[in-house]
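For reference, the structure discussed in these notes is given below.
Only the coordinates and a few stated rules stand behind these numbers; no lab work does. Quick caveat, the model's predicted, so the values are computed rather than measured. Glycine also receives a Cβ, built like all others from the backbone with ideal geometry; neighbour counts cover every protein chain displayed.
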Amino acid sequence: MRITGLALVPPPTAADCPKVTPELLASVLARYSRSNQGIHTILSKVDLANPDASIDRILNFVDYGHASIGGLTGGLAVALDDVSMWLAYKLFEIATMADGQESSTRYITMDAANVPSAEELGIPADLAACWRDILARSFAAYHAEYARLDALATAEPQRVRLPADAKPAVVTRLRKNYALDRARYFIPLATRTNVGLVQTSRMWATTVKHLDSLPHPEARAAAKLIRDELLKQSPRLMRHSFAEKSYQEQARQELAQSLALGRERLSAAPLADEVWVHVDRATPPFLRESQSMPEALRHRANRYGQQGLATRRMRVAFAWNNMAIAELRDLNRHRTGHRCTPLIQAGFYLPPEISHAAHAGLLADQLELTRELLARGSPAYVYSLLLGAQTPFEHGTHADKFIYEAELRTGMGAHFRYAEHLSAALKGFLAQVPEARDWVVEGTAEPE
């Protein structure tokens, strides 16, 4: 694990903290999520004397939309290289006000060497060899399925949805994405990734306090690294970033709930889809909602357009019983509101193109390791999970944010499983808010 702070104006005590403009900061972090090189390598290619040229060069490569870039132009930025996917997920869960990027699974190293050590993660010493063996077999299964699916898509190109005018390079990229997006369920949650977050020093203090209160050694190690870095830029607020009793107690209770549910529902069999949506339209009697749903939605040119009070005041909670961690890692980043998951394995998802039976031995051994860690009450059970583990996941927010998420995750270029989950949730929402049907654009997840 290595940490790098990025400052808009570097403090005098941080000679290794490069000064960047807000736009350059945003573009560097965007490039960071499309690379496995680490932040220092990317910064070494930036010409600080000519930032505009560097910005244009980076953005021409990553081709992000304006919203995902614009949100990264302020606050205090911290990049954490070589953390587990679990810690990256936890950071996004905790830091509800942060903007950030994580390295895509399409760009990180898929190898048993690319995981923190058992000691760093708190894996019991007597289970470390078993854990390492399962990780190695999981990566082997990933590579075998990736190669098989890539060859299948090459031999049967109709399997991959392609734009009508797709150039050869685009065809190759989408074919490989087809294979990766289906093989990725074998990737261990312990795999190293990179994550960069931007938020105010106030929110950083809360985030670090939360990390420092968790029972996982990796989280506490990250808390110290982040605190030491941000003390250079925000020494006053970061004094309030240490573990605190209320945070520790809530972490203890949440872990106990996860352990109990995990032991009760642990399974390697796939879990059938089930979605739950609850809409609350209640308004105070002295401030009734007077806007129609069409007026709240029809003036938007796209999902980034402003919605009216009719949706912005409407509360929506939605949940799935079977969110694979592969999808949870992204859906967990949607704001605002709060997300809730016990992060357990209530089932194991594999797409139709991959046979459970072909990997029964691996999945059985992974299940038994998880069972043993749960029985011991070990918080390190999360590091035995693979991205195919299915867990309940709930998100509570407002209707305007839900509509944005539904349109995004079923829209152009959306992952096939995102589209299935959000399509089902949108159907549940429209059953309760039918007057929105003509104004919410459900996509078909066509390739971009």
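Overview of values
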quantity: Positive dipole terminus of the chain, leading residue within LEU91, ASN177, ALA380 (C-beta point charges); calculated: LEU91
quantity: Among 243-249, 312-318, the order from most to least packed when residues are scored by Cβ within 10 Å on average; calculated: 312-318, 243-249
quantity: Cα-projected label distance for GLN158 with SER355, points at 7 Å along beta-carbon direction, nm; calculated: 2.3
quantity: Table column - 3J(HN,Hα) (Hz), region 291-304, Karplus curve with 6.51, -1.76, 1.60, x for Gly and Pro; calculated: 8, 7, 5, x, 5, 6, 10, 6, 8, 6, 7, 7, 5, 7
quantity: Point-to-point label distance, ASN177-GLU435, nm (Cα→Cβ direction, 7 Å offset); calculated: 3.8
quantity: Hull shadow area, averaged, region 129-184 [alpha-carbon convex hull, nm²]; calculated: 3.9
quantity: Positive dipole terminus of the chain, leading residue within ALA326, LEU127, LEU367 (C-beta point charges); calculated: ALA326
quantity: Value at 222 nm in deg cm²/dmol, rounded to 500, when DSSP H runs of n ≥ 4 in the chain each add -39,500 (n - 2.57); calculated: -13500 deg cm²/dmol
quantity: GNM result for the chain, Cα springs below 10 Å: residue of ALA166, ALA79, ALA269 fluctuating most strongly; calculated: ALA166
quantity: Extension gain (nm, one decimal) between ASP280 and GLN257, 0.36 nm per residue minus Cα-Cα; calculated: 5.6 nm
quantity: Nonlocal amide H pairs with ALA324, under 5 Å, H built at 1.01 Å; calculated: THR391
quantity: Residues in region 350-391 reached by a label modelled at ARG148 [backbone nitrogen below 14 Å; 7 Å Cα→Cβ]; calculated: 350-363
quantity: Residue among LEU369, LEU127, LEU271 with the largest mean-square fluctuation in a Gaussian network model of the chain, springs linking Cα atoms under 10 Å; calculated: LEU127
quantity: Per residue, the convex hull volume that the Cα atoms of the chain enclose (Å³); calculated: 164
quantity: Nitroxide proxy distance, nm - points 7 Å out along Cα→Cβ at ARG132 and SER44; calculated: 3.0
quantity: Highest-fluctuation residue, GLU353, GLU405, GLU120 considered, GNM on the chain with Cα pairs under 10 Å; calculated: GLU353
quantity: Centroid-to-centroid separation of region 127-204 and region 338-410 [C-alpha atoms, Å]; calculated: 16
